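Novice: Encoded as structure tokens, here's the structure I'll be asking about.
The values are calculated or read from the model by the stated rules, or taken from the named source; none is laboratory data. Remember, predicted model here, so these are calculated numbers, not experimental data. A quick note on method: Cβ atoms are made from the backbone with ideal geometry, for glycine too, and the neighbour counts reach across all protein chains shown.
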Amino acid sequence: MAGKWSMLHVTVRDALTKTVMPARIHIKRADGACFLPTAETERRFDAGHVPQVILPEHFRHSLHLCRQGDIRSMHLSTGEATFPVPAERLTLWVARGHEHRAVRRTFAAKPDGAVHVDVALDRVEHLRKSGWHSGDMHVHFTRTTVADDYILAYLLAAEDLPAVNNMVYKEAGKVEAPQRKMGHAGTHYQLHHDHQIVAGGEEFRDNDLYGHMISAGISKVIEPISVGWQLGRREDYPLFSQVCDWTHDQGGIAGWAHGGIVRMHESLPVEAALRKLDFVESIQFNWFTGFYFWYRLLNCGLRLAVTGGSDFPFGADVLAPWYPNLGLDRTYVNLGAGKAFTYDAYMNGIRRGRTFASNGPLLLLTVNGKGPGAAVRLDGGVRDVKVFARAVCQHPLDRMEVVVNGAVEHVVDGRGGQREIVCETRLRLRESSWVAARVRGHVTPGAYGGVAPWNLHAHTSPVYVHRGGRPILQRADATAMADYVRLIREVYRRGGTFKNERQRRALSANLAKAEAFYERLLKR
Ligand SMILES: [Zn+2]
């Protein structure tokens, strides 16, 4: 590259503690183009050695099918770095997960000079202090060597992301994103650096019939990883209900990926009716997808946690090539204040529905003083509940909504781009209900240095309120799910590939049980 150069020294600190801390940065040149230093030739990553700046070249080999993807990120491994930059007017952006406020600095880099930029990031919130821990429940980062673990752990530290469910998958019969270790029962993880948990998991997929599901916290890969011709090069068997059982047998948790909407005719309502699922991934790729299936399943009286997961490195540039989505979509789990953060505790929190999912806003909810996942029993003639919800975000929020059985029952608008919305209200419940909070916002590309509008979404798992011990039921949704099961039965009958009658009968039995479950609700 022609032109003059200057030396940039950048330091990122926590504004309160003054501690230097890892972060993600990007630099824009005077013409608005993204600047990346050339990758250091040093590729060694271990406990004692790591480059100051982690560039995509350092981990491109871990991105499997996305190797050619347009990722142009810079992650500071310690929070301090020195490297040459073009001598011109530059803009530096610094971000670190959702709990620190990202900042922008513009400065002039003089030819043959040195420029020092010291950045202090304010905390929006310190959720760990109140027992909330975040993780990205959907990541595919190839780990074949110890060095790969270190690279990922440093990326997590820079994104202030304590945990990832890092999943092997299969494409056209070939294993992708292999995990060199899956962990062992009772541990399920590896700790590195500043206590980042990298847990091996698996996305079990079928693009021909069933869809995609997530197995987290397993100690052994569940074969055959994919079924159906497109991904597994085999029949549509074993069934996802069996995969859920094998996941639970290993002490793990099972959930549905992508809200059940990436393929047509996914079998999510079947496994949900068979009570095989712990969660439904509903925030990903700048979308909230929960109203397709999750709301309806909750309206059938099922208890399912909401989760968020990025699918990194798929869709890595959904906001900008230098703003990779690793940890953009997260699952926050309430372990209880002062409780030790372990992967088992984190998974257990998801199992119990003590979650909110988010791609930015931090969202807390209580109903009669109880948080997501809890059950509240109203006896006698009591019909009112006290709802408290609070959302905070480094970006402006548009609206907070309290959702009751899928319908918005209370709204608080964020006037004038406020970064905190509090809602305290009393709701009269007509019947047994699930109550959750959700919040929305939008960030223009210019406001965060990206290229796409960032649609902020956060959603809590429900608090389940039972009046007089009666179950939660919206009959229209039970009808819809029963009809849906009958529809996919016909689709699966025509399009499914099976080796023998036994496999076909096992699927039919599952579909019959699911249909009976929804039909039974309608006979109440
Ligand atoms: Zn998937």
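Novice: Can you tell me which residues in the range 24-34 are touching an Asp or Glu at 6+ places or on another chain (Cβ under 8 Å) and either part of a strand (DSSP E or B) or free of Cβ contacts under 8 Å to residues at least 60 places away in the same chain (or both)?
Specialist: 24 - this is the single residue of the range 24-34 that is touching an Asp or Glu at 6+ places or on another chain (Cβ under 8 Å) and either part of a strand (DSSP E or B) or free of Cβ contacts under 8 Å to residues at least 60 places away in the same chain (or both).
Novice: How do the strands (runs of 3 or more DSSP E) wholly within the range 81-193 filter down when requiring 1 or more residues that are touching a strand residue (DSSP E or B) at 6+ places or on another chain (Cβ under 8 Å) and within 16 Å of the ligand (Cβ to nearest atom): which remain?
Specialist: Counting at least 1 such residues, we get 132-139, 163-171, 174-176.
Novice: Given the condition within 16 Å of the ligand (Cβ to nearest atom), surrounded by fewer than 22 Cβ atoms within 10 Å (Cβ to Cβ), among the hydrophobic types (A, V, I, L, M, F, W, C) and farther than 21 Å from residue 157 by Cα, answer yes or no: does some residue in the range 283-298 qualify?
Specialist: yes
So that you can scan it fast, the table gives a plain yes or no per residue for (1) of a type in the set (Val, Ile, Thr); (2) within 18 Å of the chain's Cα centre (by Cα); (3) crowded, with 23+ Cβ neighbours inside 10 Å; (4) within 15 Å of the ligand (Cβ to nearest atom):
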position	(1), (2), (3), (4)
241	no, no, yes, no
316	no, yes, yes, yes
336	no, no, no, no
357	no, yes, yes, no
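Novice: Ok, one more. Can you pull out every residue in the range 253-272 that is more than 13 Å from the ligand (Cβ to nearest atom) and at pLDDT below 95?
Specialist: Listed by number, the list holds a single entry, 264.
Novice: Could I ask something else about it? For the range 209-223: of the residues being more than 14 Å from the ligand (Cβ to nearest atom) and on the phi < 0 side of the Ramachandran plot, which is surrounded by the fewest Cβ atoms within 10 Å (Cβ to Cβ)?
Specialist: 223
Novice: While we're on this one: Which one of these is in contact (Cβ under 8 Å) with a residue 12 or more places away in the chain and over 16 Å from the mean Cα position of the chain (by Cα): 312, 341?
Specialist: Exactly one of 312, 341 is in contact (Cβ under 8 Å) with a residue 12 or more places away in the chain and over 16 Å from the mean Cα position of the chain (by Cα), namely 341.
Novice: Only one of (1) surrounded by 22 or more Cβ atoms within 10 Å (Cβ to Cβ); (2) among the charged types (D, E, K, R); (3) more than 16 Å from the ligand (Cβ to nearest atom) is not met by residue 275, so which one is it?
Specialist: (1)
Novice: Assuming residue 365 fulfils every condition listed in (1) buried (at least 24 other Cβ atoms within 10 Å of the Cβ); (2) out of contact with any Cys (no Cβ under 6 Å at 6 or more places or on another chain); (3) not assigned by TED's automatic domain parsing to the domain that holds residue 436 apart from one, which condition is it?
Specialist: (3)
Novice: Also, quick follow-up: From the list 63, 8, which residue is more than 23 Å from residue 160 (Cα to Cα), at pLDDT 90 or above and buried (at least 20 other Cβ atoms within 10 Å of the Cβ)?
Specialist: Checking each option against the conditions leaves just 8.
Novice: Further, regarding this structure: Within the range 144-151, identify whether any single residue is modelled with pLDDT under 95, under 21 Å from residue 95 (Cα atoms) and outside the structural domain of residue 26 (by TED's automatic domain parsing), and answer yes or no.
Specialist: The answer is yes, given that some residue of the range 144-151 is modelled with pLDDT under 95, under 21 Å from residue 95 (Cα atoms) and outside the structural domain of residue 26 (by TED's automatic domain parsing).
Novice: Hey, could you check the range 194-216 for residues that are farther than 21 Å from residue 230 by Cα and part of a loop (DSSP other than H, G, I, E, B) and say which is modelled with the lowest pLDDT?
Specialist: Here the answer is 194.
Novice: Collect the residues in the range 56-76 that are part of a loop (DSSP other than H, G, I, E, B), more than 11 Å from residue 313 (Cα to Cα) and out of contact with any strand residue (DSSP E or B) (no Cβ under 6 Å at 6 or more places or on another chain), keeping them in residue-number order.
Specialist: Listed by number, the list holds a single entry, 73.
Novice: Let me ask another. May I ask you to list pairs of residues, at least six apart or on different chains, whose Cβ atoms are under 9 Å apart, with the first in the range 375-397 being farther than 30 Å from residue 100 by Cα and the second being of a type in the set (Ser, Thr, Tyr)?
Specialist: If the second residue must be of a type in the set (Ser, Thr, Tyr), the pairs left are 375/464; 376/464; 378/432; 385/433; 386/366; 386/425.
Novice: Could you tell me which numbered condition residue 303 fails, if it satisfies all but one of (1) modelled with pLDDT of 95 or more; (2) of a type outside the set (S, T, N, Q); (3) within 15 Å of the ligand (Cβ to nearest atom)?
Specialist: Going through (1) modelled with pLDDT of 95 or more; (2) of a type outside the set (S, T, N, Q); (3) within 15 Å of the ligand (Cβ to nearest atom) one by one, residue 303 breaks only (3).
Novice: Here's something else I'd like to know. Pick out, from the range 408-524, the helices (runs of 4 or more DSSP H) lying fully within it that include 3 or more residues that are surrounded by 19 or more Cβ atoms within 10 Å (Cβ to Cβ).
Specialist: Correct list: 475-495, 501-522.
Novice: Of all residues in the range 439-452, count the ones that are farther than 23 Å from residue 411 by Cα and touching a residue at least 40 places away in the same chain (Cβ under 8 Å).
Specialist: 7
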